[in-house]
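The values are calculated or read from the model by the stated rules, or taken from the named source; none is laboratory data. Note that this is a predicted model, so its numbers are computed, not measured. Cβ: placed from backbone, ideal geometry, glycine included. Neighbour counts: every protein chain shown. What goes into the accessible areas is simple: the full protein's heavy atoms, side chains included, and nothing from ligands, DNA or RNA. Shrake-Rupley method; radii C 1.70, N 1.55, O 1.52, S 1.80 Å.
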Amino acid sequence: MKTADMTAGSQTRPAIDTEAIRRDFPALNQRVYGKPLVYLDNAATTQKPQVVMDALIGFYTRDCANIHRGVHLLSERATRAYEAARAKVRRFIHAADEKEIVFVRGATEAINLVAQSFARPRIGAGDEILISAMEHHSNIVPWQILCEQTGARLSVIPMNQRGELLMDAYEGLLGPRTRLVAVAHVSNALGTLNPVRRIVELAHRREVPVLLDGAQAVPHARVDVTELDCDFYAFSGHKMYGPTGVGILHGKMAHFEAMPPYQGGGDMISSVTFEKTTYNRIPYKFEAGTPNIAGGIALGAAIDYLEGIGMDRIATHERDLLQYATGVLAKLPKVRLIGTAAEKAAVLSFVVEGVHAHDVGTILDQEGIAIRTGHHCAQPVMDFFHVPATARASLAFYNTREEIDALAAGLRKVSEVFS
Amino acid sequence: MADLRELYQEVILDHHRRPRNCRRPDDANRHADGFNPLCGDKVSVFVRLEDGVVRDIAFQGSGCAISTASASMMTETLKGKSEAEAARIFERFQDLVTGKAADSDPSELGKLAVFAGVRDYPMRVKCATLAWHTLRAALSGSRETVATE
């Protein structure tokens with residue numbers, strides 16, 4: 001089961017050759033409105049390397065069959081490829097066992113699964129779920145639904161003006177009624193890298209389980225769920241260069257064993273009669289119905305690709321790029337960064353004085369620059385900073401300094417139009 | 001390729017910088033709120049309707065240049081118009097920004113014709129029409145917040 005840590009020792013390898021890397025991503029090599037595409041919306045979704053698309057097409061071309069049920073060769077090949085992808089995920093996030101890896105549709109479904117199958121049976125009126133002020137709606141709304149169902153309450157860890165969680169306040173909020181902590185590993189709207197190891201440790205001291213939303217973390221740095229010791233870890237395939245419609249819920253085996261299924265259907269059972277159904281073992285208990293087989297296999301291909309480059313090299317490149325971009329934006333007088341935490345992923349959320357984010361987005365788009373504008377599915381974050389919306393450039397390892405310069409030129413154009 | 005200047009015409013930028021009728025009249029007898037959840041734009045439209053005529057119209061809110069200018073110019077255009085005229089102008093305006101109107105006949109829209117550039121930016125049609133949808137809700141007496149999504 002144990003395999004070598006693929007990322008170990010990669011720090012000594014040379015820096016990323018973005019020119020070569022970019023050839024792996026066909027979508028990056030196109031012009032929009034006659035200008036080279038500058039894709040800076042990676043926190044929304046990343047572009048896909050050719051090997052991921054080859055895996056999708058390869059499955060449908062040669063191996064298309066349902067898994068875990070056919071006796072025929074194609075079904076066997078499909079099952080093997082799908083389970084091999086599960087093994088790759090386990091290795092990639094350093095989970096203890098493949099049984100801890102559940103395929104879901106995405107981080108959103110993973111969180112909903114934990115809310116309904118793990119939290120709901122063990123929570124009652126007056127109990128508390130603790131989330132943070134910088135959560136994505138997907139790590140707010142499932143808990144609000146749960147609170148409505150059970151009479152539990154939602155508590156919120158506050159943050160400071162830089163977008164950093166107030167850890168003292170967090171400790172104070174961990175009370176006798178706290179039943180679960182659910183926090184983003186990296187904030188999608190601000191880029192803040194939260195001290196999740198410490199968050200887990202403090203919660204565990206009070207025997208409170210912790211779910212980490214890793215959707216924005218997994219694509220950008222080495223994640224080790226065993227070292228983090230979190231109870232659940234959720235992430236999406238499409239934000240880590242894999243296809244849409246597939247994601248992962250990692251959970252500790254003891255939790256998974258104790259939890260009831262999330263959905264009923266085929267594949268999650270071992271026997272069914274009209275009188276009684278016996279559920280399948282984990283992780284299959286949580287995988288009702290035919291899953292996104294091609295998506296799972298292609299996610300495995302994305303992991304192979306990322307490991308080939310090395311997560312440490314990816315993190316180094318993105319850190320360098322973030323530093324460069326922060327410096328470049330600081331030189332633009334009308335641009336103000338929202339989210340200036342000391343520990344950050346390569347996300348630059350900003351406002352342009354006197355110009356609404358939506359107008360910024362349209363003008364940049366005309367320059368071939370794709371960014372996100374709006375509330376980033378984090379309306380409470382916008383309210384906290386008293387802005388209706390921000391513009392957000394989120395970087396990936398295939399982005400270059402030249403593209404940051406193009407962003408700066410685009411922002412100067414914004415100021416020109418609105419001068 | 002669409003020219004940005006077609007979208008961000010000087011008149012639009014001017015109404016964005018100095019929106020007209022941006023206030024809350026005390027004597028309004030019609031009111032509705034509009035919201036674009038996609039970009040967070042919010043607008044409230046206030047109307048004093050007497051004998052089927054828009055005697056006063058104003059708005060408040062926060063939004064992009066297109067939505068603010070559209071709300072501002074809407075209030076200027078519709079003051080003194082009848083409900084039926086307002087409905088007809090909205091229809092024409094919608095045709096204009098979605099590219100359904102013929103280029104040759106912008107006369108009825110007057111100054112609103114500057115929004116023709118929006119047709120090249122389908123993502124921005126909702127910005128241009130938010131205030132208008134909200135006005136329609138205000139005139140029909142709807143209490144629900146108008147959402148573009």
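Residues considered: A:ILE369, A:ILE338, A:ILE303, A:ILE314. Of these, the only one that is within 14 Å of chain B (Cβ to nearest Cβ), hydrophobic (A, V, I, L, M, F, W, C) and closer than 24 Å to A:HIS238 by Cβ is A:ILE369.
One residue alone among A:ILE314, A:ILE309, A:ILE297 is touching a residue at least 24 places away in the same chain (Cβ under 8 Å) and under 25 Å from A:GLY251 (Cα atoms), and that residue is A:ILE297.
When each of B:THR98, B:THR68 is tested for being more than 14 Å from chain A (Cβ to nearest Cβ) and within 30 Å of A:MET382 (Cβ to Cβ), the lone residue that passes is B:THR98.
If I ask for residues that are in contact (Cβ under 8 Å) with a residue 40 or more places away in the chain and closer than 23 Å to A:GLY361 by Cα, which ones from the stretch B:40-60 would you list?
Passing the criteria: B:ASP41, B:VAL43.
Comparison of A:ALA65, A:ALA20 shows that the only residue that is without any contact (Cβ under 8 Å) to a residue 60 or more places away in the chain and either in a loop (DSSP other than H, G, I, E, B) or within 14 Å of chain B (Cβ to nearest Cβ) (or both) is A:ALA65.
Among the residues of the stretch A:296-338 satisfying the criterion of being among the acidic types (Asp, Glu) and open to solvent by less than 20 Å² (accessible area, probe 1.4 Å), which is nearest to A:GLY374 (Cα to Cα)? Don't jump to the end; show me each part of the working.
Applying the first criterion (among the acidic types (Asp, Glu)) to the stretch A:296-338 yields A:304, A:307, A:312, A:318, A:320.
If we keep only those that are open to solvent by less than 20 Å² (accessible area, probe 1.4 Å) too, we end up with A:307, A:318.
On the way: A:GLU307: 33, A:GLU318: 23 Å.
Only one residue fits best here, namely A:GLU318.
Looking only at the stretch B:4-13, count how many residues are within 12 Å of chain A (Cβ to nearest Cβ), open to solvent by less than 60 Å² (accessible area, probe 1.4 Å) and within 13 Å of B:LYS111 (Cα to Cα). Residues meeting the conditions: 2. Scanning the stretch B:19-39 finds no residues that are under 17 Å from A:VAL360 (Cα atoms) and free of Cβ contacts under 8 Å to residues at least 40 places away in the same chain.
Listed conditions (1) touching a Cys at 6+ places or on another chain (Cβ under 9 Å); (2) not in a loop (DSSP other than H, G, I, E, B) are all met by A:GLU227, apart from (1).
Okay, residues lined up against (1) open to solvent by 10 Å² or more (accessible area, probe 1.4 Å); (2) assigned to a helix (DSSP H, G or I); (3) more than 9 Å from every other protein chain (Cβ to nearest Cβ); (4) basic (Lys, Arg):
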residue	(1), (2), (3), (4)
A:PHE350	no, no, yes, no
A:LEU364	no, yes, yes, no
A:CYS377	yes, no, yes, no
A:MET382	no, yes, no, no
A:ALA393	no, no, yes, no
A:ASN399	no, no, yes, no
A:ARG412	yes, yes, yes, yes
A:GLU416	yes, yes, yes, no
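Among the conditions (1) assigned to a loop (DSSP other than H, G, I, E, B); (2) surrounded by 15 or more Cβ atoms within 10 Å (Cβ to Cβ), the only one that A:GLY175 does not satisfy is (2). Any residue in the stretch B:50-58 that is β-branched (Val, Ile, Thr), within 13 Å of the chain's Cα centre (by Cα) and not in a helix (DSSP H, G or I)? Yes - at least one qualifying residue is present in the stretch B:50-58. The residues of the stretch A:140-154 that are closer than 17 Å to A:ASP383 by Cα and either acidic (Asp, Glu) or open to solvent by less than 30 Å² (accessible area, probe 1.4 Å) (or both) amount to a single one, A:ILE140. Within the stretch A:233-255, the residues that satisfy the criterion of being buried (at least 22 other Cβ atoms within 10 Å of the Cβ) and closer than 23 Å to A:PRO121 by Cα are A:TYR233, A:ALA234, A:ILE248, A:LEU249, A:HIS250, A:GLY251. Annotation note: Cβ proximity below 9 Å between a residue of the stretch A:196-215 that is within 16 Å of A:MET134 (Cβ to Cβ) and a residue that is charged (D, E, K, R) and not in a loop (DSSP other than H, G, I, E, B) (sequence gap 6+ or interchain) occurs for A:ALA215/A:LYS239. Restricting attention to the stretch A:23-44, the residues being on the phi < 0 side of the Ramachandran plot and open to solvent by 40 Å² or more (accessible area, probe 1.4 Å) number 8. Restricting the stretch B:14-43 to residues that are outside any loop (DSSP other than H, G, I, E, B) and away from chain A (no Cβ under 14 Å), the residue that is surrounded by the most Cβ atoms within 10 Å (Cβ to Cβ) is B:ALA32. In the stretch B:117-125, the condition of being surrounded by 18 or more Cβ atoms within 10 Å (Cβ to Cβ) and away from every other protein chain (no Cβ under 14 Å) is met by no residue.
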